[in-house]
Amino acid sequence: MTLATEIRESARIALAAIRANKMRSGLTTLGVVIGILTATLVGTMLNGMTLAFERSVSSLGADVINIGRFPWMSFEDYRLYRNRKEITFQQYRELERQMSLASAVAPQSEDFGVSVSFERRRAKGVWLVGNTEAALAIRGLTVTQGRWLSASDVSSERAVCVLGSYLAEAFFANDDPIGKKIRINDIPYEVVGVLEKMGNMLGWNQDNQVVIPVTRFKGDINQRPDYVITAKATRPDLLPEMREEARAVFRRIRRIEPGRPDDFAINQQEAITSFFAGFKTTLGSFGFFVTGLSLFVGGIGIMNIMFVSVAERTKEIGIRKALGAKKRTILTQFLMEAAGITLFAGLIGIGLAWPISWKIGEMAREAGSVFEAQMSWWIVALAIGVSAATGIIAGFIPAWRASRMDPVDALRSE
């Protein structure tokens, strides 16, 4: 008998044994089903979170630095930073003049609680951003309707604005917003553009924003705004050099004496991506711990049921060995039976995970999020592989015991 024939025969016998004990096999798979379901959902959620995060955080730019009073994602005592001097518009101008490795430099001022209205519709808690014409390239934004702020808009302090996609849809669902007048904190502004949908970033809706000239922000919103200065490197590989240049120049501008620490922070995309990587690792570790625990319990169940199966079929094993069956044939038969049970459990787990993932993604889209619960092919392949491996590992000892039986002793058993 060839190896291929042995495998086919072992698979047939294993399938027949599973069919003969449907109830027992089904109950044994419960732990494996829970484990594979958990693993598949965790992998799918992490995959969707990563894709959504990468899309949303891309707006920060991998070749962009942000100079502000406070560091991002810092867990140090806030009192270390609260007394730092504000960054002024004049400091931005001086930095822009002295920077040589930056292709664009722009100030940015923000308010996260303004009111925006159009006719009888009103939105509260809107993110208002004061920018210049250079901010379009620095922030990586795309305008889908109209235009971005121009240099003349900024210099002449024109009352114009660019809307995020969420506000544009809320106020002008069936109308062209360009040229319309909205009111920001009851001050009229003309809409000149609409931004492309950006989605959420760390729970914050980036489409619920309005951009106005930074010079207008100081007059209408805050008389003493605390600016953040953004700078884009001429080339991505020059980002470290540009960061050091900006630090040296800004220390001179802020008149910081040698040896004293900076009274400002230079932030970049890496700070948020590192924080997200740690969060994803923690979440994934917890999820896969639950998965491992479920698979361990399921594996013990598979091992027990295979010991019972071997004990019940001792005489059958003796007859097969007396007729010339090799040890590997008996070993393969019982390993295939164990792997078949867990593989079936894995398919059930994947079958349950798919509609759950789809529903989560559908709910996220209805909420306006760019999150997508994507069950990629590699997640399915990994789940199937893990389920089969669980059966092989759990069933190895019973199968090995069956393959080592003495045919005479096996035929004597009752």
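The values are calculated or read from the model by the stated rules, or taken from the named source; none is laboratory data. The structure displayed is predicted, hence computed values, not measured ones. Cβ atoms come from the backbone with ideal geometry, glycine included; neighbour counts cover every protein chain shown. Heavy atoms of the whole protein, side chains included, go into the accessibility calculation; ligands, DNA and RNA do not. Shrake-Rupley method; radii C 1.70, N 1.55, O 1.52, S 1.80 Å.
Heavy atoms of the protein chains alone define the surface here; on that basis the chain has 51 Å² accessible area per residue at 1.4 Å probe size. A straight Cα-to-Cα reach below 19 Å connects K326 with the lysines K315, residues fewer than 8 places away in its own chain not being considered.
Roughly how tilted is helix 269-312, in degrees to the nearest 10 and between 0 and 90, from the longest Cα axis of the chain? Between helix and principal axis, roughly 10 degrees. Against the chain, whose longest principal axis comes from its Cα atoms, helix 89-98 is set at around 80 degrees. In this simple spin-label approximation, K197 and Q98 carry label points 7 Å from Cα along the Cα→Cβ vector, and these lie 4.5 nm apart. Note on segment 123-229: dipole from Cβ charges, positive end direction compared against Y189, L141, V228; the farthest Cα belongs to V228. Relative to the first principal axis of the alpha-carbon coordinates of the chain, what is the inclination of helix 30-57, with its axis defined by its Cα atoms, in degrees from 0 to 90 and to the nearest 10? That works out to roughly 20 degrees.
The GluC sites (Glu not before Pro) of segment 160-267 that DSSP puts in a loop, and whose beta carbon has at most 14 other beta carbons within 10 Å, are E196. The antiparallel fraction among DSSP beta bridges confined to the chain stands at about 80%. Projecting the Cα positions of L352, N304, P71 onto the charge dipole of the chain (unit charges on Cβ atoms of Lys, Arg, Asp and Glu, taken about the Cα centre) puts N304 furthest along the positive direction. When the Gaussian network model of the chain links Cα atoms closer than 10 Å, the mean-square fluctuations of P107, P398, P261 top out at P261. Ordering T38, T29, T142, T282 by accessible surface, largest first, gives T282, T142, T38, T29; the 1.4 Å probe counts only protein heavy atoms, with every chain in place. Roughly speaking, to the nearest percent, how much of the chain's 1.4 Å accessible area is carbon and sulfur? The value for the chain is 59 percent carbon and sulfur by accessible area. Basic side chains Lys and Arg get +1 at the Cβ, acidic Asp and Glu get -1 at the Cβ, and with that the dipole of the chain about its Cα centre reaches some 1000 debye. Over 23 Å between Cα atoms, which of K85/K218; K124/K197; K124/K232; K124/K181; K232/K280; K22/K327 qualify? Distance filter (> 23 Å) returns K124/K232; K232/K280; K22/K327.
With the simple model of a label 7 Å out from the Cα in the direction of the Cβ, W400 to F89 spans 7.8 nm.
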